[in-house]
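Notes for the one structure printed next.
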Amino acid sequence: MALDMDKLNAFVGRFVTDLGAAVHAGMVVIGERLGLYKALAAGPMTSAELAAQTGTDERYLREWLSSQAAGGYITYDAATHKFSLSEEQAFTLAREDSPAYLPGAFQLALGALAAVPRIADSFRSGAGMGWHEHDDGVFHGCEKFFRPGYAANLVSSWIPALHDVKEKLEAGARVADVGCGLGASTLLMAKAFPKSQFFGFDYHEKSIAAARGAAEREGFASRVQFQVAKAKEFPGGDYDFVAVFDCLHDMGDPIGAARHVRQALRPDGTWMIVEPYAHDELKDNLNPVGRVYYSFSTLLCTPCSRSQEVGLCLGAQAGESRMRSVVTSAGFSRFRRATETPFNLVYEARP
Ligand SMILES: C[S@@+](CC[C@H](N)C(=O)[O-])C[C@H]1O[C@@H](n2cnc3c(N)ncnc32)[C@H](O)[C@@H]1O
């Protein structure tokens, strides 16, 4: 066997980057939990100064700061021994309202990785694992990771890309957000469209309890109701608009869910389906975004679908053709890709 040393070295170099990234997930979660990035955004500091600001142990902090500086997440000035955040580092790590706030993604990753032993067993048994069975970091990390993208796109570009929906929401419409999780998307829409009524549904009780808390805190309790319900069973009818964000592929029976959405919609209503960005063919998803989604899908989405009736297991990289097939099998007569971002595909389905 003749090893190509250049190729071997390149692969090992990549492995070092990946190993660093794997343990780095924990570093980012620590940094966010203790408010380290936010404190450092105030200006350059030594480890002792940041320790004093954040009430943390200087020795631990110095080790953490060094890991961050080695990974390019924090900037180090060897002349002054001070650490700081560049504008870009602060934008992505310290500003929760930024459209590219990153720590939630690592919280989600760390939470999902806690399931590795059980999922490894599932490879042999074929058993599922429900969303509700995961570590709490999954629910909160998911909300924190997805909310900035929804805040940047949902009201300003996704809804306007749909036929007539923005006008209906402005005038006052009945809206269901199915599989709403902690309700980030529901609350963003409620804020933007004060004449409309919003109903958020999810089968996960803890998520619905957290969503209710958020609605109360934000003062939307009268116009936004969150209720525990499965996608195939959510109550009410005559909805003008139903939305599903990053959850249709998690469901065991997405065709059954689609049928239920269809009968719950008004005849002139619209169903918006937001899904992870994906091409139809595996070969076209073999890129960094595909790697993220296939990995999360192995730990979260596929086992969730497998844990429910039918267990279709579309996976997070289902792609447009499979989504079209799910939606049209349920009786929708129109289906199109309304818009997209590098991370999401947004489909419009009409009865
Ligand atoms: C990836 S999370 C997305 C949550 C939320 N839509 C968001 O974008 O932040 C998937 C959600 O689908 C929910 N879910 C999975 N299967 C479901 C089902 N059959 N009925 C209702 N909700 C379901 C999970 O509980 C979870 O909250």
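The values are calculated or read from the model by the stated rules, or taken from the named source; none is laboratory data. This structure is a prediction, so every number in the text was calculated from the model and none was measured. Cβ: placed from backbone, ideal geometry, glycine included. Neighbour counts: every protein chain shown. Each accessible area value is taken on the protein alone, full model and side chains, heavy atoms only, with ligands, DNA and RNA left out. Shrake-Rupley method; radii C 1.70, N 1.55, O 1.52, S 1.80 Å.
Relative to the longest principal Cα axis of the chain, at what angle does helix 5-33 sit, 0 to 90 degrees, rounded to 10? The answer is roughly 80 degrees. When the Gaussian network model of the chain links Cα atoms closer than 10 Å, the mean-square fluctuations of 319, 213, 20 top out at 20. Counting charges near residue 84 (Lys, Arg +1; Asp, Glu -1) among other residues having Cβ under 14 Å from its Cβ returns a value of -2.
Given a cut-off of 31 Å, name the pairs among 38/232; 166/232; 7/38; 82/191; 38/230 whose C-alpha atoms lie farther apart than that in the structure shown. The pairs that break the limit, which is 31 Å between Cα atoms, are 38/232; 7/38; 82/191; 38/230. Given the options 249, 81, 140, which has the most mean-square fluctuation in a GNM of the chain, springs set between C-alpha atoms less than 10 angstrom apart? Highest fluctuation among the options: 81. Placing unit charges on each Cβ (+1 for Lys and Arg, -1 for Asp and Glu) gives the chain a dipole about its Cα centre, and among 203, 131, 79 the Cα reaching farthest toward its positive end belongs to 203.
How large is the charge dipole for region 83-202, taken about the Cα centre, if only the Cβ atoms of Lys, Arg (+1) and Asp, Glu (-1) carry charge, to the nearest 20 debye? Don't skip to the answer; put the middle values down first.
Working: 10 positive and 14 negative charges, 50 e Å.
Once rounded to the nearest 20, the dipole reads 240 debye.
Between the listed residues 162, 249, 47, the Cα displaced farthest toward the positive end of the dipole of the chain, a dipole computed from Cβ unit charges relative to the Cα centre, is found at 162. Computed from point charges on the beta carbon alone (+1 for Lys and Arg, -1 for Asp and Glu), the dipole magnitude for region 168-218 about its Cα centre is near 140 Debye.
With N set to the residue count of region 151-254, report its C-alpha Rg divided by 2.2 N^0.38 Å to two decimal places.
On the way: Rg = 12.8 Å, N = 104, 2.2 N^0.38 = 12.8 Å.
Cα-based Rg divided by the globular estimate yields 1.00.
With the convex hull built on the Cα atoms of the chain, state its orientation-averaged projected area in nm². Each step should come with its number before you reach the end.
Working: hull surface 83.1 nm².
Orientation-averaged projected area of the Cα hull: 20.8 nm².
Of the Cα atoms belonging to region 63-168, the radius of gyration and Dmax stand at 19.3, 59 Å.
Spin-label model, residue 279 to residue 12: label points 7 Å out along the Cα-to-beta-carbon direction sit 3.2 nm apart. In summary, the aspartates and glutamates within cross-link reach of residue 195, defined as a Cα separation below 14 angstrom excluding same-chain residues under 8 places away, comprise 167, 170, 240.
Helix 205-217 and the longest principal axis of the C-alpha atoms of the chain enclose an angle of approximately 90°.
Taking all protein chains as they are arranged and a probe of 1.4 Å, the heavy atoms of residue 16 leave approximately 90 Å² accessible to solvent. Within the listed set 300, 286, 154, the Gaussian network model of the chain (springs between alpha-carbon atoms below 10 Å) gives the highest mean-square fluctuation for 286.
Within the chain, DSSP assigns beta bridges of which about 45% are antiparallel (rounded to the nearest 5). The C-alpha atoms of the chain define a longest principal axis, and helix 58-71 lies at about 70 degrees to it. Around the Cα centre of the chain, unit charges on the Cβ atoms of Lys, Arg, Asp and Glu (plus for the first two, minus for the last two) sum to a dipole of about 620 debye.
In deg cm²/dmol, rounded to 500, what helix-only [θ] at 222 nm does the chain give when every DSSP H run of at least 4 residues adds -39500 (n - 2.57) and the total is split over its residues? The helix contribution divided over the chain gives -14500 deg cm²/dmol.
Just the number, please: percent antiparallel of the DSSP beta bridges in region 201-349, rounded to the nearest 5. Before the final figure, lay out the partial values.
Details: 11 of 19 bridges.
Rounded to the nearest five, the antiparallel share is 60 percent.
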